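Undergrad: Got a structure for you, questions after.
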Amino acid sequence: MFGNIPLSKKLMSAVKEMGFEEPSPIQSQTIPLVLEGHDVIGQAQTGTGKTAAFGIPMIEKINETSRNIQGLVLTPTRELAIQVSEELARIGKFKRVRTLPIYGGQAIDRQIRSLHMGVHIVVGTPGRLLDHIRRNTIKLTNVKTLVMDEADEMLDMGFVDDIEAILEHVSKIERQTMLFSATMPKPILHLSERYMDNPVIVAISKEKLTVPLIDQVYYETREKLEGLCRVLDTETTGQLIIFCRTKRGVDDLVASLSGRGYMADGLHGDLSQAQRDRVMKKFRESKLEILIATDVAARGIDIDDITHVINYDIPQDPESYVHRIGRTGRAGRKGIAITFIQPREYRQLKLIERATKTRIVRRALPSPADILERQREFIKERLVQTIEQGEFADYHHIVSEVVQNYDPLDIAAAALKLSQEGYKEKEKPREDKANYRNTGAESGMVRLFFNVGKSQNIRPEDMVRTIASEADIPGSSIGVINIYEKFTFVEVPEDIAERVIAVMHRNTLKGYKVNVELARGR
Ligand code: ADP
Ligand code: MG
């Protein structure tokens, strides 16, 4: 079941793999109608999942053993044709449904060859489709489902005549017709009266939205991960929630950020209640800085002290934007909402701005120089703190020796450099536990990085058993274990960390050679 829509196994697997947790409103209202055979007009804002709203039922109806074109989708632009065709291919992946985008600008011979090999769904721009119809290189007599996607735009672009000409070629009796659009101007209703059979109209309306008074900014970049890291490195941190659109997105981002040394964990619908509770507890107790979640999983999270809400994926609609950012700036505290967009999502951002009647200010990504600057400030702060705390008499005699040959200013600068870069790997591991650099573990613990993970079928009990027996320590002394696809973090007490590294490094786990090193802290 996708929400409360019954779907075939193959489509359920696809939807799951795409990371959709539940149907969006337009999907939950239109899919059942289409499955029942109604003609449907769907109106909902951009980014609300209209493609899957027609794609899912369309693909359910495809007979994949036939090689005829059974589905036809009209889209206004070549980019959309490609995008829609790709999304349909993902939905039809396990059913082995073949889709083909057809648009002007691509060599027509190649399209003819692809058509000849047999496809189930064609997604095309009106002009090029008509071209094929006139050349007799496309056969539309078996089309059972026809979709006009982004109908308002097609009309704006002056495609009415082309669309009508195409519709004349698709059997009216056998055909089920759908029309999807963000807006519903009059000419669309005319079109639907002429070419649709008693269509059911589904319109998802917008609720009235009040936006909290917090700073709202956005960054535009194609490299969102890099951008996010730069922002994380320059923001004075507090507690952050990062939103991703899908479960997969959450998992991937948790892995990417953890791999780069950030303390991040994820929350989504595939986790058991116990797992969610554990993550939430860590977050509440500030043992976790970054919580990464889907909209669904974040529902009902109630934490007051969140300083940043980051939309790593732009929300699907203004409502969810407002829900997301409403998690910061509670009780008059200061908060900031940060949204990352890729260039093509600019329209979606503007739409959110318009619908919520707020301004989301563009910001330039911090440059490496900004990050350095920020680190310097941080070092300076810590240095002054350390001087004021005054517990460094132990080091005096080192300095008094070195100062006989070097300038004190140079010594201080070199010491800072050393503290930043850490001591070189080649040096013998230090006995002094105070020397462990920050590995992102709880105090008294050291976080170790193992280069094996889920892909090697590593489970927590494997880690505990092997480490405990190899290093001859009680399993209960081993702390938090986080297993990701390709690597694992294990926290062990500081005083035995060295032994664990020594016995586990280049050892084997489940037959895989293991590399172990100190994890990178923040
Ligand atoms: P629209 O056509 O309404 O503008 P799209 O169909 O392009 O919107 O969908 C926008 C994005 O939302 C796509 O990346 C799509 O994969 C994703 N999406 C669609 N349905 C869902 C869902 N039920 N859950 C999560 N993401 C979804
Ligand atoms: Mg669309």
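Undergrad: Looking only at residues in the stretch 1-33 that are among the small types (Gly, Ala, Ser) and part of a loop (DSSP other than H, G, I, E, B), which one is surrounded by the fewest Cβ atoms within 10 Å (Cβ to Cβ)?
TA: Taking the candidates together, the pick is 8.
Undergrad: Within the stretch 54-86, can you find the residues that are surrounded by fewer than 24 Cβ atoms within 10 Å (Cβ to Cβ), closer than 13 Å to residue 150 by Cβ and within 14 Å of ligand 1 (Cβ to nearest atom)?
TA: Answer for the stretch 54-86, where residues must be surrounded by fewer than 24 Cβ atoms within 10 Å (Cβ to Cβ), closer than 13 Å to residue 150 by Cβ and within 14 Å of ligand 1 (Cβ to nearest atom): 76, 77, 79, 80, 83.
Residue-wise test of (1) among the charged types (D, E, K, R); (2) under 19 Å from residue 325 (Cα atoms); (3) touching an Asp or Glu at 6+ places or on another chain (Cβ under 7 Å).
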| position | (1), (2), (3) |
| --- | --- |
| 267 | no, yes, no |
| 272 | no, no, no |
| 276 | yes, no, no |
| 281 | yes, no, no |
| 288 | no, no, yes |
| 291 | no, yes, yes |
| 296 | no, yes, yes |
| 303 | no, yes, no |
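Undergrad: Follow-up question, since we're still on this one. What helices (runs of 4 or more DSSP H) lie completely within the stretch 100-183 and have 1 or more residues being exposed (fewer than 13 other Cβ atoms within 10 Å of the Cβ) and away from ligand 1 (no atom under 16 Å from the Cβ)?
TA: Where helices (runs of 4 or more DSSP H) fall fully within the stretch 100-183 and carry at least 1 residues being exposed (fewer than 13 other Cβ atoms within 10 Å of the Cβ) and away from ligand 1 (no atom under 16 Å from the Cβ), they are 108-116, 126-135, 160-168.
Undergrad: Related question: Taking only the stretch 453-505 into account, find how many residues are outside any helix (DSSP H, G or I), under 19 Å from residue 440 (Cβ atoms) and hydrophobic (A, V, I, L, M, F, W, C).
TA: Residues meeting the conditions: 8.
Undergrad: Now for a different question. Give the residue that is modelled with the lowest pLDDT, with candidates limited to residues of the stretch 57-94 that are of a type in the set (Gly, Ala, Ser) and within 15 Å of ligand 2 (Cβ to nearest atom).
TA: Ranking the qualifying residues of the stretch 57-94, first place goes to 81.
Undergrad: All but one of (1) at pLDDT below 85; (2) surrounded by 19 or more Cβ atoms within 10 Å (Cβ to Cβ); (3) of a type in the set (Ser, Thr, Tyr) hold for residue 286, so report the exception by its number.
TA: Of (1) at pLDDT below 85; (2) surrounded by 19 or more Cβ atoms within 10 Å (Cβ to Cβ); (3) of a type in the set (Ser, Thr, Tyr), only one is false for residue 286: (2).
Undergrad: Follow-up question, since we're still on this one. Criterion first (within 16 Å of ligand 1 (Cβ to nearest atom) and either under 30 Å from residue 17 (Cβ atoms) or assigned to a helix (DSSP H, G or I) (or both)) does residue 89 satisfy it?
TA: Taking the combined requirement at face value, the residue satisfies it.
Undergrad: Let me ask something else about it. List the pairs whose first member sits in the stretch 466-485 and is free of Cβ contacts under 8 Å to residues at least 60 places away in the same chain and aliphatic (A, V, I, L, M), whose second member is in a loop (DSSP other than H, G, I, E, B) and surrounded by fewer than 16 Cβ atoms within 10 Å (Cβ to Cβ), and whose Cβ atoms are under 8 Å apart, counting only residues at least 6 apart or on separate chains?
TA: Listed by first residue and then by second, the contacts come to 468/474; 480/442; 483/459.
Undergrad: In addition: (1) of a type outside the set (A, V, I, L, M); (2) modelled with pLDDT of 95 or more; (3) within 12 Å of ligand 2 (Cβ to nearest atom): which one isn't true of residue 32, the others all being true?
TA: Condition (3) is where residue 32 drops out.
Undergrad: Now, a different point. Output the qualifying pairs, or none if there are none: Cβ atoms under 8 angstrom, residues six or more apart or on different chains, first residue in the stretch 45-58 and farther than 13 Å from residue 92 by Cβ, second residue within 6 Å of ligand 1 (Cβ to nearest atom) and of a type in the set (Ser, Thr, Tyr).
TA: From the stretch 45-58, the pairs are 48/24; 49/24; 53/24.
Undergrad: Still on this structure, please answer the following. Please go through the stretch 260-283 and give me each residue that is touching a residue at least 60 places away in the same chain (Cβ under 8 Å) and either within 17 Å of residue 445 (Cα to Cα) or surrounded by fewer than 17 Cβ atoms within 10 Å (Cβ to Cβ) (or both), ordered by number.
TA: 260, 261, 262, 263, 269 - these are the residues of the stretch 260-283 that are touching a residue at least 60 places away in the same chain (Cβ under 8 Å) and either within 17 Å of residue 445 (Cα to Cα) or surrounded by fewer than 17 Cβ atoms within 10 Å (Cβ to Cβ) (or both).
The values are calculated or read from the model by the stated rules, or taken from the named source; none is laboratory data. The shown structure was predicted, so the numbers you read here are calculated from the model rather than taken from an experiment. We place every Cβ from the backbone using ideal geometry, glycine too, and count neighbours over all the protein chains shown.
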